[in-house]
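The values are calculated or read from the model by the stated rules, or taken from the named source; none is laboratory data. Remember, predicted model here, so these are calculated numbers, not experimental data. No Cβ is skipped: glycine too gets one built from the backbone with ideal geometry, and neighbour counts run over all protein chains shown. Only protein heavy atoms, including side chains, enter the accessible area calculation; ligands, DNA and RNA are left aside. Shrake-Rupley method; radii C 1.70, N 1.55, O 1.52, S 1.80 Å.
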Amino acid sequence: MSILHIDSSARLTGSNTRLIGQYLVNTLNTTVVHRDLAVHPLPQISAQDLMGVHGSSDDQRDSLHTHLALSDQLIQELKDADTLVIGAAMYNFGIPASLKQWIDAICRAGVSFKYTAQGPVGLLNIKRAFIITATGGTPVGSSMDFASGYLAHICGFLGVKEVLHIDASGSKGSPEQIIESGKQQVDNLLSTAQTTENLVVA
């Protein structure tokens, strides 16, 4: 098993998504590639280069080649993982801009997904994704939540086979209660997954 762990919260200490995500990764206890989009944000991309990355441009400018190489690297990190962990703090009912930029870099036709007569098909062979969504009080999964459902859709779009949600919303109580609830959700999800795997093997 290998994990790609994505952090995006601007809160570098005491972040619910960071603490719960680290607990999850530690519990899985396997090889991890960690990409922190808040500490190491992706470089800004011009409109021209963005179009080039997502088109069939054969332009030779250095900036485009740099962004294409980065996109290839980010997609390879996904292809090398069978488990994806995404920590997403909800800002203004959506995901952080740094996380959206990462998504824009990894969603490339013919590379991470392809178009077919039946619609788009994901090309990433990722077994499961854990989406940890933290909010200041907006209920996760509610009509005001434009973060967790969007991330689940992107995962499915890219070919992730199973998406699991961990609710770290402020409605869970005090910071200590939120973290404890998140850890309990992790334990329950992993316990259920282990039971299912044992049943399949049996």
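Just so you know, in segment 1-57 the residues that are free of Cβ contacts under 8 Å to residues at least 40 places away in the same chain and open to solvent by less than 30 Å² (accessible area, probe 1.4 Å) include one that is farthest from Leu124 (Cα to Cα), and it is Asp49. Restricting attention to segment 90-125, the residues that are closer than 27 Å to Asn26 by Cβ and either open to solvent by 20 Å² or more (accessible area, probe 1.4 Å) or touching a Pro at 6+ places or on another chain (Cβ under 6 Å) (or both) total 5.
When you look at Leu64, is it within 12 Å of the chain's Cα centre (by Cα) and open to solvent by less than 70 Å² (accessible area, probe 1.4 Å), yes or no? Spelling it out, it is not the case that Leu64 is within 12 Å of the chain's Cα centre (by Cα) and open to solvent by less than 70 Å² (accessible area, probe 1.4 Å). So, of the residues in segment 126-153 that are aliphatic (A, V, I, L, M) and open to solvent by less than 20 Å² (accessible area, probe 1.4 Å), which turns out to be farthest from Phe113 (Cα to Cα)? Per the stated criteria, the residue is Ala134.
Within segment 160-188, being within 16 Å of the chain's Cα centre (by Cα), free of Cβ contacts under 8 Å to residues at least 60 places away in the same chain and either more than 30 Å from Thr116 (Cα to Cα) or open to solvent by less than 20 Å² (accessible area, probe 1.4 Å) (or both) holds for one residue alone: Asp167.
Put simply, of Gly87, Gly141, Gly137 the only residue that is outside any helix (DSSP H, G or I), modelled with pLDDT under 95 and in contact with a helix residue (DSSP H, G or I) (Cβ under 6 Å, 6 or more places away or on another chain) is Gly137.
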